[in-house]
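Shown next, in structure tokens, is the structure this report addresses.
The values are calculated or read from the model by the stated rules, or taken from the named source; none is laboratory data. This one's a predicted model, so the numbers in the text were calculated from it and none came from an experiment. No Cβ is skipped: glycine too gets one built from the backbone with ideal geometry, and neighbour counts run over all protein chains shown.
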């Protein structure tokens with residue numbers, strides 16, 4: 001009995017030592033995985049996940065991408081579950097484009113064009129919106145009634161990729177404002193911390209209306225009305241990605257188009273998906289606000305500035321050159337790169353589908 005007892009005690013001790021060794025090995029593996037700078041690349045022969053970085057927080061501005069994921073359009077196009085990543089105010093989304101073969105992002109045309117002109121290997125795959133929705137807004141009571149009145153005033157700018165367009169406005173009208181960093185909140189404007197705020201018609205302008213301001217209480221400077229109608233949201237990749245994986249680029253553009261078509265034709269379902277993403281990211285919003293945004297995006301995507309229907313993803317030579325000329329006039333470019341070097345339409349787009 002004593003011998004049996006000693007044997008069982010020995011077994012327990014041995015088992016405990018084995019468990020400690022196993023835990024030690026596991027801890028070592030976890031520590032190695034978390035070690036800064038250690039490669040987390042997939043094993044050889046394993047396809048890298050497709051990463052799509054969007055240039056703001058979750059909202060209906062990106063409904064097409066979210067529906068492409070939710071409805072399985074990315075998977076059906078052979079892209080798997082695309083990893084969607086978000087950006088914050090002041091972050092330069094286009095900076096994330098590296099030589100990683102499967103990385104894509106969204107960004108504004110004027111910023112991407114400036115970067116390309118200065119040698120960045122950025123390729124434009126599709127122009128999602130066809131006209132500008134950017135505004136500078138102020139209270140009528142501020143006395144700011146013309147661009148020149150903004151000189152010396154505190155003006156909120158988002159920074160990052162979103163500075164090119166308003167700074168072109170300031171250069172064009174010789175405005176010298178006091179620039180104040182602006183987040184995604186309109187509270188500083190509502191509390192009078194800034195006299196002028198950046199806004200998109202589909203987003204921040206409606207937030208002001210939801211906060212109780214009436215349209216007649218505001219003065220709105222629609223930048224498109226001042227000769228700065230720069231189409232904004234576009235889809236981009238690194239030049240190496242377009243060169244080495246044209247089929248993947250075409251598949252992504254096709255899936256995004258399907259996502260937008262579905263979102264704009266199934267508003268209720270699209271809003272359900274958008275609100276779910278907003279809740280997961282803890283973005284405070286309302287369904288009414290997201291509905292305003294989705295409907296506004298429909299007009300930006302489907303129509304040219306003159307109101308005529310726009311082919312999906314179009315970047316015309318005329319629009320491209322107009323944006324380039326304005327950026328040249330404002331000293332932001334030395335030369336406009338040829339459209340054929342900047343915009344690389346996929347086979348799907350060339351066929352006009």
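Does segment 53-62 hold any residues that are surrounded by 24 or more Cβ atoms within 10 Å (Cβ to Cβ) and within 21 Å of residue 237 (Cβ to Cβ), and which are they?
Correct list: 55, 61, 62.
Suppose we filter segment 182-192 for residues that are surrounded by fewer than 19 Cβ atoms within 10 Å (Cβ to Cβ) and in contact with a strand residue (DSSP E or B) (Cβ under 7 Å, 6 or more places away or on another chain); how many remain? I'd like the intermediate steps shown before the answer.
Step one: filter segment 182-192 for residues surrounded by fewer than 19 Cβ atoms within 10 Å (Cβ to Cβ), giving 183-185, 187-188, 190-192.
Retained after the next criterion (residues that are in contact with a strand residue (DSSP E or B) (Cβ under 7 Å, 6 or more places away or on another chain)): 188.
Looking only at that region, the number is 1.
State all residues of segment 49-71 that are touching a helix residue (DSSP H, G or I) at 6+ places or on another chain (Cβ under 9 Å) and either modelled with pLDDT under 95 or outside any helix (DSSP H, G or I) (or both); if no residue qualifies, say none.
Listed by number, the residues that qualify are 50, 51, 52, 53, 54, 55, 56, 57, 58, 59, 71.
Could you tell me whether any residue of segment 116-137 is assigned to a helix (DSSP H, G or I), touching a residue at least 40 places away in the same chain (Cβ under 8 Å) and not assigned by TED's automatic domain parsing to the domain that holds residue 203? Before you say what the answer is, go through the steps one by one.
Taking segment 116-137 and keeping what is assigned to a helix (DSSP H, G or I), we get 116-117.
Now restrict to residues that are touching a residue at least 40 places away in the same chain (Cβ under 8 Å): 116-117.
Filter once more, keeping what is not assigned by TED's automatic domain parsing to the domain that holds residue 203: 116-117.
Yes: one or more hits.
Residue check: is residue 174 in a loop (DSSP other than H, G, I, E, B) and either surrounded by fewer than 21 Cβ atoms within 10 Å (Cβ to Cβ) or in contact with a strand residue (DSSP E or B) (Cβ under 8 Å, 6 or more places away or on another chain) (or both)? Lay out the reasoning, then the answer.
On the way: in a loop (DSSP other than H, G, I, E, B): yes; either surrounded by fewer than 21 Cβ atoms within 10 Å (Cβ to Cβ) or in contact with a strand residue (DSSP E or B) (Cβ under 8 Å, 6 or more places away or on another chain) (or both): yes.
Yes.
Of all the helices (runs of 4 or more DSSP H) wholly in segment 240-312, which have at least 2 residues that are in contact with a strand residue (DSSP E or B) (Cβ under 7 Å, 6 or more places away or on another chain) and buried (at least 16 other Cβ atoms within 10 Å of the Cβ)? Before you say what the answer is, go through the steps one by one.
Working: elements: 246-265, 267-280, 287-302.
The qualifying helices (runs of 4 or more DSSP H) are 246-265.
Please go through segment 217-236 and give me each residue that is at pLDDT below 95 and part of a strand (DSSP E or B), ordered by number.
none
Of the numbered conditions (1) crowded, with 19+ Cβ neighbours inside 10 Å; (2) assigned to a strand (DSSP E or B), residue 84 fails exactly one; give the number of that condition.
If we test residue 84 against (1) crowded, with 19+ Cβ neighbours inside 10 Å; (2) assigned to a strand (DSSP E or B), just (1) comes out false.
Quickly run through segment 97-118 and pick out the residues that are surrounded by fewer than 19 Cβ atoms within 10 Å (Cβ to Cβ) and under 27 Å from residue 247 (Cβ atoms).
Scanning segment 97-118 gives 98, 99, 100, 101.
For residue 149, which of the numbered conditions (1) touching a residue at least 24 places away in the same chain (Cβ under 8 Å); (2) outside any loop (DSSP other than H, G, I, E, B) fails to hold?
Checking residue 149 against (1) touching a residue at least 24 places away in the same chain (Cβ under 8 Å); (2) outside any loop (DSSP other than H, G, I, E, B), the one that fails is (1).
When segment 152-170 is examined, which residues are found to be over 14 Å from residue 196 (Cα atoms) and modelled with pLDDT of 95 or more? Please lay out each step first, then the result.
Applying the first criterion (over 14 Å from residue 196 (Cα atoms)) to segment 152-170 yields 159-165, 168.
Scanning segment 152-170 gives no hits.
What about residue 108, is it closer than 18 Å to residue 229 by Cα and either outside the structural domain of residue 209 (by TED's automatic domain parsing) or in contact with a helix residue (DSSP H, G or I) (Cβ under 9 Å, 6 or more places away or on another chain) (or both)? Working first, answer last.
Values: closer than 18 Å to residue 229 by Cα: yes; either outside the structural domain of residue 209 (by TED's automatic domain parsing) or in contact with a helix residue (DSSP H, G or I) (Cβ under 9 Å, 6 or more places away or on another chain) (or both): yes.
Against the criterion (closer than 18 Å to residue 229 by Cα and either outside the structural domain of residue 209 (by TED's automatic domain parsing) or in contact with a helix residue (DSSP H, G or I) (Cβ under 9 Å, 6 or more places away or on another chain) (or both)), residue 108 qualifies.
Residue under question is residue 88, and the condition is that it be out of contact with any strand residue (DSSP E or B) (no Cβ under 9 Å at 6 or more places or on another chain) and closer than 16 Å to residue 199 by Cα; does it hold? Walk me through it before giving the result.
Working: out of contact with any strand residue (DSSP E or B) (no Cβ under 9 Å at 6 or more places or on another chain): yes; closer than 16 Å to residue 199 by Cα: yes.
Against the criterion (out of contact with any strand residue (DSSP E or B) (no Cβ under 9 Å at 6 or more places or on another chain) and closer than 16 Å to residue 199 by Cα), residue 88 qualifies.
How many of the residues making up segment 179-216 are without any contact (Cβ under 8 Å) to a residue 60 or more places away in the chain, within 21 Å of residue 163 (Cα to Cα) and not in a helix (DSSP H, G or I)?
7
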